[in-house]
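Single-structure report; data block below.
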Amino acid sequence: MAPMQSPLEINFRNMDRSDAVEARVRENVEKLEQVFDRITSCRVVVEATHRHHHKGFLYHVSIDIGVPGTMVVVNRDPGKNHAHEDVYVAVRDAFKTARRRLEDHSERRAGKVKTHEAPPTEDVV
């Protein structure tokens with residue numbers, strides 16, 4: 001597995017930097033590199049967003065993954081998902097999506113694109 005060409009970037013917005021959250025992000029990036037070993041760069045933004053008419057925050061996580069020839073972008077908007085009041089759940093969900101998108105990208109590159117068979121046809125006489 002080749003190391004990324006650019007160092008991992010982790011940014012926090014509207015919240016203090018957290019060693020624990022940063023460690024979780026790093027663990028997840030390492031897992032992504034096991035799925036797809038040609039990641040050239042990765043930028044992760046963890047943002048606390050205010051909820052209108054409610055106390056507390058929802059967390060929004062975006063991930064930009066550079067791979068040869070393109071960028072894989074994950075932009076997890078918490079919407080009304082109260083589970084994303086927990087920053088670790090928001091990070092987990094964003095990286096689950098990133099993993100699926102990298103797997104899809106890898107399959108497309110390998111020519112393993114899903115095709116649907118045509119339904120069998122019958123000649124009516």
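The values are calculated or read from the model by the stated rules, or taken from the named source; none is laboratory data. Quick caveat, the model's predicted, so the values are computed rather than measured. Here the Cβ positions follow ideal geometry from the backbone for every residue, glycine too, while neighbour counts run over all protein chains shown.
Miscellaneous remarks
- Search result, residues across the range 69-125 that are part of a helix (DSSP H, G or I), modelled with pLDDT under 75 and more than 22 Å from VAL45 (Cα to Cα): none
- Residues of the range 2-39 satisfying the condition of being in a loop (DSSP other than H, G, I, E, B), more than 14 Å from VAL67 (Cβ to Cβ) and in contact (Cβ under 8 Å) with a residue 24 or more places away in the chain: LEU8, ASN14, MET15, SER18
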